[in-house]
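The values are calculated or read from the model by the stated rules, or taken from the named source; none is laboratory data. Remember, predicted model here, so these are calculated numbers, not experimental data. All Cβ positions, even for glycine, are placed from backbone atoms using ideal geometry, and neighbour counts span all protein chains on display. Just so you know, the surface numbers come from the protein's heavy atoms only, side chains and all, with ligands and any DNA or RNA stripped out. Shrake-Rupley method; radii C 1.70, N 1.55, O 1.52, S 1.80 Å.
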Amino acid sequence: MALLGFLLVGILSTVSSVNGYYGGGWINAHATFYGGGDASGTMGGACGYGNLYSQGYGTNTAALSTALFDNGLSCGACFELRCVNDPQWCLPGTIVVTATNFCPPGGWCDAPNQHFDLSQPVFEHIAQYRAGIVPVAYRRVACRKSGGIRFTINGHSYFNLVLVTNVGGAGDVHAVSIKGSRTAWQPMSRNWGQNWQSNSYLNGQSLSFRVVTSDGRAVVSYNVASAGWSFGQTYTGGQFR
C-alpha cells in the first residue's frame, strides 16, 4: 500500500461522458443497521473491498438486498437516503452511502424487497437506534471520491486479480480492460464483487486500465503501474469528474 497515491506521474486519463443518469425521483424502501457502533462488523463483505476505513469508504456504507445488489454489479454505487413516514423514529436530513456488501435473503432482504442494511453509525444520522428498522426513500447519486481510481493487483503470473476501488461518478464498475506495454487492450472478466481477472502474462510490463461504469462513462488511465509493478501493491489512476 506504500505506493498508494504516489504513482500519478506519467498517467494520462481520458474521460468520455453521457448525459442524464442522476436526478431521478425518490423510491421507497426500508433500512436497518449492522456492524456495531464502530462499524467494525461491516469490514470485508461481498464487494471485496476489505478494510473500508483504509479504502476510504469509512462508515457511510450499505449492504444491499438481492433486488438492489444485482449479483455484485451494484458494488460501488452511491445512494442518498432519508427516513420517511415515521415521525416517532425518523431524524431530519439525508445521508449518502456506498454499496459495499450484500444483505443475504432472509426477512427484509428477501426479493423483491428494496432494502438497505446500513452501518450503525450512518443509520443513526437518519433514525434513532431504538427504531431498528425504518421506512426510507432513496435515489442514485454521483459518488464523490478523493484521489484517483485505485487498482490493487493480487494473484500471480497468468492470474492477475485486480480490485478496483475508490471509483467516482456512477461508482459501479461494469467493465474493465487491461493493457500491458507489449500487448493490445484485453477485456477482464469479473471474478467476484469488484475483483477483475486477467489470465495473461503481464509481468515486466507497464499496465494501463480502462474502467467503464454503469452509465456508460469511461476513464482510461495509461501506465498506472510501471514495468516494475508487483503483486499486492495498489496503484492510482485517473478519476471520473
For region 73-97 the number of residues that are crowded, with 20+ Cβ neighbours inside 10 Å and touching a Lys or Arg at 6+ places or on another chain (Cβ under 9 Å) is 5
Residue set Asn19, Asn51, Asn60, Asn28; condition open to solvent by 50 Å² or more (accessible area, probe 1.4 Å), over 20 Å from Trp108 (Cβ atoms) and modelled with pLDDT of 95 or more; output residue Asn60
Checking Cys83, Cys75, Cys90 in turn, the sole residue that is closer than 30 Å to Tyr222 by Cβ and at pLDDT 95 or above turns out to be Cys75
Result of the Cβ filter at 6 Å on region 179-202, keeping first residues that are on the phi > 0 side of the Ramachandran plot and partners that are outside any strand (DSSP E or B), at least 6 apart or interchain, is Gly193/Ala46; Gly193/Cys47; Gly193/Gly48; Gly193/Gly72; Gly193/Cys75
Of the residues in region 167-204, those that are surrounded by fewer than 18 Cβ atoms within 10 Å (Cβ to Cβ) and not in a strand (DSSP E or B) come to Ser181, Arg182, Thr183, Ala184, Trp185, Asn199, Ser200, Tyr201, Asn203, Gly204
Note on region 108-131: residues open to solvent by less than 30 Å² (accessible area, probe 1.4 Å) and assigned to a loop (DSSP other than H, G, I, E, B) are Ile126
In region 98-125, residues that are more than 19 Å from Arg144 (Cβ to Cβ) and either of a type in the set (S, T, N, Q) or in contact with a Lys or Arg (Cβ under 6 Å, 6 or more places away or on another chain) (or both) total 4
Filtering region 98-107 down to residues that are crowded, with 22+ Cβ neighbours inside 10 Å and either over 17 Å from Cys47 (Cβ atoms) or among the small types (Gly, Ala, Ser) (or both) yields Ala99
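Residues of region 75-86 being out of contact with any Phe, Trp or Tyr (no Cβ under 9 Å at 6 or more places or on another chain) and either under 14 Å from Thr98 (Cβ atoms) or part of a helix (DSSP H, G or I) (or both), which ones?
Within region 75-86, Ala77, Cys78 qualify.
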Pairing a residue in region 73-91 that is more than 20 Å from Ser214 (Cα to Cα) with any residue that is outside any strand (DSSP E or B), where Cβ atoms lie under 6 Å and the two sit 6 or more apart in sequence or on different chains, gives Arg82/Thr94; Cys83/Ile126; Trp89/Gln128; Trp89/Ala131; Leu91/Ile126
